[in-house]
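Reviewing the structure listed below.
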Amino acid sequence: MKENFSHYPNTRMRRLRRTSAIRNLVSETSLSSHDLIYPAFITESEESEDIGSMPGTQRLCLNDLLQLAEKLVSLNIPAIALFPVIQNEKKTVDGKEAFNSNGLIQKAISKLKSQFPELIVISDVALDPYTTHGQDGIIDENNYVLNDVTNETLKKQALSHAEAGADIVAPSDMMDGRIGSIREEFEKNQFHNTMILSYAAKYASCFYNPFRDAVNSKDNLASGDKRTYQMDPSNSDESYREVSMDINEGADIVMIKPAMMYQDIISNIKSKFSIPVFAYQVSGEYAMIRAAADAGYLNHKDAVMESVLSIKRSGASGILTYSAIDIAQWLSE
Ligand code: PBG
């Protein structure tokens with residue numbers, strides 16, 4: 001902490017706030033399109049569909065996904081994170097569609113990489129879009145999500161994404177040891193440069209609900225929850241253990257999620273560890289701002305910009321946000 005001994009009237013804090021020119025010169029944080037990652041939902045359907053719980057977003061068909069990618073590139077947004085919407089017929093108890101080399105996500109990755117090689121493609125590693133029960137892993141007879149058994153499938157899923165050309169795989173499942181298993185699998189298969197973005201401190205949050213609606217896993221999950229693997233929102237120290245484990249196992253980047261309500265965690269992790277920290281402004285955080293703006297209670301642009309600037313100020317260098325396109329457009333105005 002820097003010491004500061006200031007007394008009025010020698011010190012008038014308002015001098016540095018008087019005009020926008022001086023405010024800009026002393027500004028400590030700025031947002032750029034280079035900080036943004038756009039999370040996109042993709043569907044096997046012929047046409048894109050609106051997502052009711054997240055106004056302004058869509059489940060994208062392959063053609064629209066490619067158009068979106070073009071837009072991201074033109075707006076200098078460097079990365080896209082992909083989330084598949086899987087038809088119920090393809091969901092199973094063991095979620096084995098997750099590593100189908102001809103699956104929706106694998107095809108989307110290779111299409112994107114062949115048409116937009118400069119766009120960073122991040123793929124979600126977790127089984128929830130693929131399981132009949134909506135859990136991120138494989139369950140036993142008591143509905144308990146099995147750790148080591150799940151890791152075996154996650155490993156295959158991650159490898160199938162790397163083979164399709166993903167630049168970064170992002171395990172969001174919160175099993176113990178999965179970063180190490182995936183890293184080992186990648187090294188064994190010569191994917192030395194495929195990065196791992198670990199959802200290291202992912203909290204069991206109610207703010208994921210609109211996402212579960214978007215990927216059609218809400219009904220599957222029904223009354224179940226994810227509290228035996230995602231973190232308890234009351235804990236902070238525990239995030240250090242999660243992050244240090246993932247770094248030791250070979251994570252390249254760690255993520256904190258949700259973002260807005262967990263800025264203390266982002267800030268702590270940023271100051272304790274020398275690894276890039278990303279944050280995810282999740283579906284419920286997006287929906288909340290959007291609903292307030294649609295109701296006329298908040299100005300949409302101001303609320304989005306302040307929320308994302310704050311996430312950056314707290315220490316995140318990359319931010320996943322469903323508002324990425326709006327932000328990049330506003331920044332270029
Ligand atoms: C699932 C996953 C979730 C999100 C990203 N990956 C939901 C969950 O854990 O239930 C949430 C993202 C969001 O809410 O925007 N592995």
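The table below gives the values:
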{"read-out": "Some residue of segment 270-283 being under 14 Å from the mean Cα position of the chain (by Cα), of a type in the set (G, A, S), within 15 Å of the ligand (Cβ to nearest atom) and under 22 Å from D50 (Cα atoms)", "value": "yes"}
{"read-out": "K107 being away from the ligand (no atom under 15 Å from the Cβ) and either closer than 30 Å to A222 by Cα or touching a Pro at 6+ places or on another chain (Cβ under 9 Å) (or both)", "value": "yes"}
{"read-out": "F191 vs. criteria in contact (Cβ under 8 Å) with a residue 24 or more places away in the chain and open to solvent by 40 Å² or more (accessible area, probe 1.4 Å)", "value": "yes"}
{"read-out": "Residue ID - nearest to E285 (Cα to Cα), chosen from residues in segment 209-227 that are open to solvent by less than 40 Å² (accessible area, probe 1.4 Å) and among the charged types (D, E, K, R)", "value": "R212"}
{"read-out": "Members of segment 226-246 found to be touching a residue at least 40 places away in the same chain (Cβ under 8 Å) and not in a loop (DSSP other than H, G, I, E, B), listed by number", "value": "M231, E242, V243, M245, D246"}
{"read-out": "Inter-residue pairs, beta-carbon under 7 Å, first under 21 Å from S236 (Cα atoms) and in segment 201-225, second more than 9 Å from the ligand (Cβ to nearest atom) and assigned to a strand (DSSP E or B), 6+ apart", "value": "A201/M231; A201/I256; K202/M231; Y203/M231; A204/M231"}
{"read-out": "Those residues of segment 161-182 which are in contact with a Ser or Thr (Cβ under 9 Å, 6 or more places away or on another chain), open to solvent by 10 Å² or more (accessible area, probe 1.4 Å) and either of a type in the set (D, E) or in a helix (DSSP H, G or I) (or both), in sequence order", "value": "E163, A164, D167"}
{"read-out": "Looking only at segment 104-158, and only at residues there that are open to solvent by 10 Å² or more (accessible area, probe 1.4 Å) and among the aromatic types (F, W, Y), the one that is nearest to A81 (Cα to Cα)", "value": "F116"}
{"read-out": "Some residue of segment 199-216 being assigned to a loop (DSSP other than H, G, I, E, B), polar (S, T, N, Q) and at pLDDT 95 or above", "value": "yes"}
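The values are calculated or read from the model by the stated rules, or taken from the named source; none is laboratory data. Here the structure is a predicted model, which is why all the values come from computation and not from measurement. Using ideal geometry, Cβ is built from the backbone for each residue, glycine included, and neighbour counts are taken over all protein chains shown. Keep in mind that these areas ignore ligands, DNA and RNA; they rest on the heavy atoms of the full protein, side chains included. Shrake-Rupley method; radii C 1.70, N 1.55, O 1.52, S 1.80 Å.
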